[in-house]
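Trainee: My questions will all concern the structure given below.
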Amino acid sequence: MSAPDNTGSENAPPDVWLTRQRLIAWSSVFLAVELVIFVLLVLQQTNIAFGIGKSSIDFLSFYAAGKLVLAGTPALAYDQAAHYIAQQQATAPGVPYVYFYYPPVFLLLCAGFATLPYGAAFLVFEVVTFVLFAAVLRRVLGESGRAWLIPVIAFPATFWNFGQGQNAFLTAALFGTFGLLLDRRPYAAGAALGALCFKPHLALLTPIALAASGRWRAFIAAGLMAILLVLLSVLLLGRETWEAYFAAMAGADATYTSGRINFAGFVSLFGGLRLMEIAVTPAYVIQAAATLACAAVVFLAWRRPLSGAQLQAALLSATLLAVPLVLLYDQMIAVLALAWLLRAAGPAGLHGWEKLVIVAAYPLTLMAPVLAIGLKAPIALVVDLALIALCLRRSFRPA
């Protein structure tokens, strides 16, 4: 993430050790390390080296679901047996199964990319959604040129998203569009937010924020866009597809609470508690308490006369703690929150300790899955808590 260069600013704090140029240089070295790791993982996953065996990525789940839509059987995307056959047909027999719990709205997008060969679909999906996210982030930061992209690409969430073929670039782009347009074009902002209905849990706190600040036009537009997309999916895919989705969702909780999806990949409070072997019920109770606290904080922040950047930073950082199902790649939301934090800091920039937190977040986030497995410690959650502290400090004690 590109940090403002404080040199020469009258309001700049005395600690200017992390200038824009130094952060870009440090990120370049970090990115080189990540690329080496990425290549090794690709060699392992494709079984070119190491001989570990077959593996899958999340995009395979999207692609197989899209193929079932194109075959005229969209409801089978929620039938694990049929969905698994489609995954094997797209890649190779015996690949590990990847779950699909997205609402039928997302099937519309999956079907479009499934018209391409698997490898091409993966590349197009990731590149297009990353370009959209980068364009939005550039507007948030107000940056020119291309050097600012290096810290963004180097942030581990980018690495995880590309590696899994996930959709976090798209979700972050929609969140960013919502924030950029909220005060100038509230209906368009609401429409961008409503498009997040393919991953609705990430928008958990936004209705509270909009209601607290009286932004009813955006609130209504978001609801109308979500309803429109749902109706479109019913029209194109049939009501039975939604019935199959709800039936599949009845078993989703068991998938996420049992560890079938490794808790080391979670960055939420609930995931961290389960990683530490806290039972499901108390983990949910603690998570619910944290969600209510985050909702209260967002409500209070959005009632205050703060800048749009401060409000967005508070909302996005609180979302990471409020939502029980947040995985490594979803920390693209953290990248966006940091961008709004930098914008809120203005010409004076960040204080030295704030910069230190951001710099430390890079290696900690990258090592989080390994440390989580070895130490049974939710390191990624610690990073999220530090980010929330930074953003909320700016919201309740403006610098």
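Trainee: How many residues does the stretch 77-112 hold that are aliphatic (A, V, I, L, M), over 21 Å from R260 (Cβ atoms) and not in a loop (DSSP other than H, G, I, E, B)?
Mentor: 6
Trainee: May I pose another question? So how many residues does the stretch 181-198 have that are touching a residue at least 40 places away in the same chain (Cβ under 8 Å) and either surrounded by fewer than 20 Cβ atoms within 10 Å (Cβ to Cβ) or touching a Cys at 6+ places or on another chain (Cβ under 7 Å) (or both)?
Mentor: 1
Trainee: Looking at (1) modelled with pLDDT of 85 or more; (2) more than 20 Å from I261 (Cβ to Cβ), can you tell me which one I333 breaks?
Mentor: (2)
Trainee: Next up: Out of the residues in the stretch 125-155 meeting the condition of being aromatic (F, W, Y) and in contact (Cβ under 8 Å) with a residue 40 or more places away in the chain, tell me which one is nearest to L31 (Cα to Cα).
Mentor: That would be F155.
Trainee: Kindly provide the set of residues from the stretch 62-76 that are in a loop (DSSP other than H, G, I, E, B) and either touching a residue at least 24 places away in the same chain (Cβ under 8 Å) or of a type in the set (D, E, K, R) (or both), ordered by number.
Mentor: Selection gives nothing.
Trainee: Here is a further query. Looking for whichever is at negative phi and at pLDDT below 95 here; the options are L316, L338, L235. Which one fits?
Mentor: On inspection, the qualifying residue turns out to be L338.
Trainee: Name the helices (runs of 4 or more DSSP H) wholly within the stretch 188-292 that hold at least 1 residues that are of a type in the set (A, V, I, L, M, F, W, C) and farther than 30 Å from T73 by Cα?
Mentor: 206-212, 216-237, 269-275
Trainee: If we scan the stretch 336-346, do we find a residue that is part of a loop (DSSP other than H, G, I, E, B), touching a residue at least 24 places away in the same chain (Cβ under 8 Å), over 19 Å from the mean Cα position of the chain (by Cα) and surrounded by 15 or more Cβ atoms within 10 Å (Cβ to Cβ)?
Mentor: No - not one qualifying residue is present in the stretch 336-346.
Trainee: What is the one condition in (1) closer than 23 Å to S27 by Cα; (2) of a type outside the set (V, I, T); (3) without any contact (Cβ under 8 Å) to a residue 24 or more places away in the chain that A120 does not satisfy?
Mentor: Among (1) closer than 23 Å to S27 by Cα; (2) of a type outside the set (V, I, T); (3) without any contact (Cβ under 8 Å) to a residue 24 or more places away in the chain, A120 violates only (1).
Trainee: Of the conditions (1) among the hydrophobic types (A, V, I, L, M, F, W, C); (2) within 25 Å of V33 (Cβ to Cβ); (3) in a helix (DSSP H, G or I), L350 satisfies every one except a single condition; which number is it?
Mentor: Of everything listed in (1) among the hydrophobic types (A, V, I, L, M, F, W, C); (2) within 25 Å of V33 (Cβ to Cβ); (3) in a helix (DSSP H, G or I), L350 misses just condition (3).
Trainee: Next question, about the same structure. State yes or no: is Q89 modelled with pLDDT of 60 or more, polar (S, T, N, Q), over 26 Å from the mean Cα position of the chain (by Cα) and surrounded by fewer than 17 Cβ atoms within 10 Å (Cβ to Cβ)?
Mentor: Answer is yes for this residue.
Trainee: Just give me the residues in the stretch 341-372 being among the hydrophobic types (A, V, I, L, M, F, W, C), modelled with pLDDT under 85 and more than 17 Å from V382 (Cβ to Cβ), in sequence order.
Mentor: A345, A348, L350
Trainee: Continuing with the same structure: Can L320 be described as of a type in the set (A, V, I, L, M), under 15 Å from the mean Cα position of the chain (by Cα) and not in a helix (DSSP H, G or I)?
Mentor: Here the answer is no, as L320 does not meet what is asked.
The values are calculated or read from the model by the stated rules, or taken from the named source; none is laboratory data. Computed from a prediction, not measured in an experiment: that's the story for all the values here. Backbone-built Cβ (ideal geometry, glycine too); neighbour counts: all protein chains shown.
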